[in-house]
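What follows is a single structure, written as structure tokens, with notes after it.
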Amino acid sequence: MTGARLNWRIAVGGGALLALAVIAILAPVLAPVDPLEQDLFLELLPPWWQADADPTRALGADSLGRDVLSRLIHAARPALTVAVVAGVLTMLLGTALGLLAGYMGGMVDVLISRLVDIWTSFPPVLLAIMLVALIGTGLHSVIIAIVLIDWTRFCRVVRSETLAQTQMEYIDAAVIGGLKRGVILFREVLPNVLPLVIVLLTLEMSIAIIVEAILSFVGLSVSSDSPTWGGMIAEGRQVIHQAWWVMAFPMGLILIAVLALNLLGDGLKTALDPVLRR
Amino acid sequence: MSGHLLLRRLVQAVPTLFGVSVVVFVLVRVVPGNPIAMMLPPGATLEDMERLRQAYGLDGSIVEQYVIWLGQALQGSFGTSISLRQDVLELVLGRLPATLELAVFATAMAIAVGVLAATTGVLFRGRWPETVIDAVNGFTLAVPDFIWALALILVFGVLLPVLPISGRVDPRLGTEFATGFYLTEALVSARFTVVGDLLAHMIMPAIALALPLAAIITRVLKNSLAEAMVQDYVMIARVKGFSRWRIIWVEALRNASIPALTLTGVQFTFLVGGTVLVEKIFSYPGIGNMAIDAVINRDLPLIQGLILSFAVIFIVVNLLVDLSYGWLNPRLRS
Amino acid sequence: MSAILDIRDLRVTLRRGGHLVRDVSLSVNAGEVHGLVGESGAGKTMIARAVLGILPDAVKVSGGKIGFRGDDLLQLAPKRFRALLGREIALIPQDPLTGLNPARRISAQMTDMLRHHLGQSRQEARANALRLLQEVQIRDAGQVLDRYPHELSGGMRQRVLIAIAFSAEPSLIVADEPTTALDVTVQKQILRLIRQMQERHGTAVLFVTHDLGVVAKVCHQVTVLHTGQVVEQGGIAEIMSTGAAPFTRALMGATPRYDQPADALHPVPAHIHRELLAAARRFDEANP
């Protein structure tokens, strides 16, 4: 793999993500109008390139006459919040359990591994919907649901990697050198597992964005008046024959976010390859 | 195929099903919330509520509830749906065929597309068709079924309105079906206009479900095919004078299928999980669509019945995968 | 006698540069077994693979011609070349354990070529496969046809591969170290079988080996290679009598033998390597 190609992936993926992050942070400044403001005269207004568009509503308006562009910009906030918070929490939980299982072995390993097996035998989407329906809607529930469902992904990979690492000679050397187990785990094993975990994190973040969109599509995420990409898609689905753009724009943004994260993950994987040894 | 293996697998499925039923039962009940309150009309008394709790078996401890539920389940009674007020088993069985036909159709499509893409990629190794296949595949791997479903609706339902975007069959055809397996039935009875209409309704949800699976099959199969192509028996086949295309299909494919098949078995879980959402998006009347409504309405007996039927589907699929190993690899038969 | 295979000035190089075979010429006449001998890395396998058109990706033919019954195999269109493979030119491979497809029955692997090249019906091809298995002295041939490779011993599998090689009555068979992977007792049986089959069918054989002992048993003509060059070429009696020459002794010493301990293995020493190169030069000068 050439250096140029590797940089290309990280640059494009990372760049797109950075842009999305800036949009989310500066949403109140960037959004041309209030995303909640309804104007029934502007109902299902088409985007700028079509006839009878309104210049103040560049991407048109939805069925309640709310500005699509402003809603898109504001909806980047819950999406990225969930991506970052759920991604990091999932990583922490899964990695901790994976390290524990791989390093302790014995009963701890058996217990955690069985739990992973049972967990992954459920269809994840259904599990997410069920969990959120049960804990109640809202961003918190969405994050909790993602963490509870997807920790297995990290756990499985980290466990097998830790197993492989603990069988290497440098661990023996550390033990003979008189280091405590916990110290060895954090100082010796963790840094070697880390590159893999970082690549998985980008994947997890893209999954989190999708899950959030799915849950708000089904109506189980944040309350329906604050905008989310999934919610906008659900609203757009209702009026798809009259105003396809209401659905198309949030879809496009989800796609961009997901592809950017995948690209970044691929780039990092290649960049960290000598460490990953894969 | 050995009946012994089949029997052993079926016996092994019992504890799994038991485990799933316990987990679902507990999960659904430990969280706060009162499904009974949701179904009572305004102005109902506490006695009304108590009566309903008893009627749905929701009084008593969790263990008591589970024992009662299990006893009835073993006799084929899975209770009554709270939101639809119908027998759960009847509801599930009524919807199951639609999901099965969709899932089987989508899986077949995914396998066909995956095998074709992988074999073509290996045939043109190192040339532009392989580059194209790899690029398309990388993109397909990243995009979830949810987005595919919506994109298909947008493109083929709205912008180029050539396909119906909801339902399973056009009611204007006025077709009567004796079973829930509409497509199979229409094929068997040779009603080809109905077959066409069913396929037109099924094709978009099926593609949405099939694409992610097809992408994974392509990647895994392409790698294992490339490995198989450097084996000695492939060299012998080349020296026998066979074309590369024939060698890929006759010599390499079967040996290369095993890793792809294992993965297909695992990924089928995701495909069936995907039906939940895809059916919702296309208003397709299967158990996935029903599951979302059941969850939103907190219809405990129905959720339980649905999850159990998902579990049964997974077990059957894994069984089929296990059995096909023997066909693919003769060494595993003895 | 007419030459079936006529290799002229064949040059095989790595794509990155570096010679593997330099200007090798040899010809194999009808009904003749021609031994291609050399230590590993001498280029003998590359010559065999060049004849069969299955050189590794990193390697290419950069000069010379491979004449086969009037055609130059190197110039032949892929489709016409494939029509010759299996039909007119066949291979007995080195390792019988990996040479058969583990997922296909013996019958399928024997009959596919008969049906493909000779247009035989399923029944005809099966009857012929059965006859061939009997010819290579497999007992219970009918049962063996319905078996899978893993159910047969290494020796049996090599017999099956020999039967496949002879099945379309080719005029040339390339035998690529066909006994190296077998144990010593089976080696002898297989050598005898290849020789018998070759005589009965009048097939020309290019026999690749590193083992001069094997050459002495089965070959009529011999070409000795060292670092991609011909060191000596001629009739078996001739070579074996001058076999007292240092390079031949060195070659025999460098042959790994299953019946000797590993430390009996002698790599070609430097002074002999120099002598070998000198011999190659002399050979080139004597055969312009």
* Structure fact -> Apart from one, (1) surrounded by fewer than 21 Cβ atoms within 10 Å (Cβ to Cβ); (2) touching a residue at least 12 places away in the same chain (Cβ under 8 Å); (3) over 30 Å from C:Asp211 (Cβ atoms) all hold for C:Lys65; the odd one out is (3)
* Asked: For C:Leu36, all conditions in the list (1) assigned to a loop (DSSP other than H, G, I, E, B); (2) buried (at least 21 other Cβ atoms within 10 Å of the Cβ) hold save one; what is the number of the exception?
  -> (1)
* Asked: How many residues does region A:99-142 hold that are crowded, with 21+ Cβ neighbours inside 10 Å and β-branched (Val, Ile, Thr)?
  -> 4
* Every residue from region B:288-309 that is touching a Gly at 6+ places or on another chain (Cβ under 9 Å), surrounded by 24 or more Cβ atoms within 10 Å (Cβ to Cβ) and facing chain A (nearest Cβ under 10 Å) -> B:Gly288, B:Ala294, B:Leu306
* Failed item in (1) touching a strand residue (DSSP E or B) at 6+ places or on another chain (Cβ under 7 Å); (2) at pLDDT 80 or above; (3) among the charged types (D, E, K, R), with A:Arg57 passing the rest -> (2)
* **Flag if A:Leu69 is in contact with a Lys or Arg (Cβ under 8 Å, 6 or more places away or on another chain), crowded, with 18+ Cβ neighbours inside 10 Å and modelled with pLDDT under 75** => no
* Residue that is farthest from C:Gly31 (Cα to Cα), among those in region C:144-187 that are without any contact (Cβ under 8 Å) to a residue 40 or more places away in the chain and part of a loop (DSSP other than H, G, I, E, B) -> C:Ser153
* **Matching option when the condition is in contact (Cβ under 8 Å) with a residue 40 or more places away in the chain and either surrounded by 13 or more Cβ atoms within 10 Å (Cβ to Cβ) or more than 23 Å from the chain's Cα centre (by Cα) (or both), among A:Val183, A:Val175, A:Val158** => A:Val158
* **Single residue of C:Gln196, C:Gln134, C:Gln143, C:Gln158 found to be surrounded by fewer than 16 Cβ atoms within 10 Å (Cβ to Cβ), out of contact with any strand residue (DSSP E or B) (no Cβ under 6 Å at 6 or more places or on another chain) and under 23 Å from C:Leu36 (Cβ atoms)** => C:Gln196
* Asked: Based on what the data block shows, is A:Leu92 surrounded by fewer than 16 Cβ atoms within 10 Å (Cβ to Cβ), out of contact with any helix residue (DSSP H, G or I) (no Cβ under 7 Å at 6 or more places or on another chain) and modelled with pLDDT of 90 or more?
  -> yes
* Asked: Within region A:223-242, is there a residue that is within 13 Å of another protein chain (Cβ to nearest Cβ), among the hydrophobic types (A, V, I, L, M, F, W, C), more than 14 Å from the chain's Cα centre (by Cα) and not in a helix (DSSP H, G or I)?
  -> yes
* Asked: Any idea which of C:Leu133, C:Leu76 is part of a helix (DSSP H, G or I), free of Cβ contacts under 8 Å to residues at least 40 places away in the same chain and over 18 Å from B:Arg246 (Cβ atoms)?
  -> C:Leu133
* To do: Out of B:Glu64, B:Glu101, report the one residue that is in a helix (DSSP H, G or I), at pLDDT below 85 and acidic (Asp, Glu).
  => B:Glu64
* Looking only at region B:194-250, which residues are acidic (Asp, Glu), farther than 23 Å from B:Asp134 by Cβ and either under 18 Å from the mean Cα position of the chain (by Cα) or within 14 Å of chain C (Cβ to nearest Cβ) (or both)? -> B:Asp232
* To do: Considering only residues that are assigned to a loop (DSSP other than H, G, I, E, B) and within 19 Å of C:Val24 (Cα to Cα), look in region C:220-251 and name the one that is modelled with the lowest pLDDT.
  => C:Thr227
* To do: Report yes if some residue within region A:170-192 is closer than 11 Å to A:Thr95 by Cα and in contact with a helix residue (DSSP H, G or I) (Cβ under 6 Å, 6 or more places away or on another chain); otherwise report no.
  => no
* Qualifying residues in region B:251-264 (those that are buried (at least 17 other Cβ atoms within 10 Å of the Cβ) and more than 10 Å from chain C (Cβ to nearest Cβ)) - the one nearest to the chain's Cα centre (by Cα) -> B:Thr264
* Those residues that are in contact (Cβ under 8 Å) with a residue 60 or more places away in the chain and among the small types (Gly, Ala, Ser), I need them from region B:257-272; list them, please. => B:Ser257, B:Ala260
* Candidate set: region C:62-71, residues that are closer than 12 Å to C:Ala50 by Cβ and of a type outside the set (A, V, I, L, M); chosen: the one nearest to the chain's Cα centre (by Cα) -> C:Phe68
* Just need a number here: residues in region A:35-73 that are more than 28 Å from A:Ile25 (Cβ to Cβ) and either in contact (Cβ under 8 Å) with a residue 40 or more places away in the chain or not charged (D, E, K, R) (or both). => 9
* To do: Could you grab the pairs with beta carbons closer than 8 Å, sequence gap of 6+ or different chains, first residue in region B:16-28 and within 12 Å of another protein chain (Cβ to nearest Cβ), second one not in a helix (DSSP H, G or I)?
  => B:Thr16/A:Ser121; B:Val20/A:Ser121; B:Val20/A:Phe122
* **Scan of region C:111-124 for residues that are surrounded by fewer than 22 Cβ atoms within 10 Å (Cβ to Cβ) and more than 8 Å from every other protein chain (Cβ to nearest Cβ), ordered by number** => C:Arg115, C:Leu118, C:Gly119, C:Gln120, C:Ser121, C:Arg122, C:Gln123, C:Glu124
* If you check A:Ile254, A:Ile149, A:Ile207, which single one turns out to be more than 22 Å from A:Ile112 (Cβ to Cβ), assigned to a helix (DSSP H, G or I) and either within 14 Å of chain B (Cβ to nearest Cβ) or at pLDDT below 75 (or both)? -> A:Ile254
* Asked: For B:Val312, are the conditions met, namely being within 10 Å of another protein chain (Cβ to nearest Cβ) and part of a helix (DSSP H, G or I)?
  -> no
* **Residues that are within 13 Å of chain B (Cβ to nearest Cβ) and of a type outside the set (Ser, Thr, Tyr), drawn from region A:210-222** => A:Ile210, A:Val211, A:Glu212, A:Ala213, A:Ile214, A:Leu215, A:Phe217, A:Val218, A:Gly219, A:Leu220
* **Options B:Arg85, B:Arg95; residue that is of a type in the set (Lys, Arg) and assigned to a helix (DSSP H, G or I)** => B:Arg95
* Structure fact -> Selection from region A:112-144 of residues free of Cβ contacts under 8 Å to residues at least 40 places away in the same chain, closer than 24 Å to A:Ala96 by Cα and aliphatic (A, V, I, L, M) yields A:Leu115, A:Ile118, A:Leu127, A:Leu131, A:Ile144
* **Complete set of residues in region C:79-108 that are closer than 15 Å to B:Ser243 by Cα, at the interface with chain B (Cβ under 9 Å from one of its Cβ atoms) and in a helix (DSSP H, G or I)** => C:Lys79, C:Phe81, C:Arg82, C:Ala83, C:Leu84
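The values are calculated or read from the model by the stated rules, or taken from the named source; none is laboratory data. What you see is a predicted model; the values in this text were computed from it and never measured. Quick reminder, even Gly has a Cβ in these numbers, built from the backbone with ideal geometry, and neighbours come from all protein chains shown.
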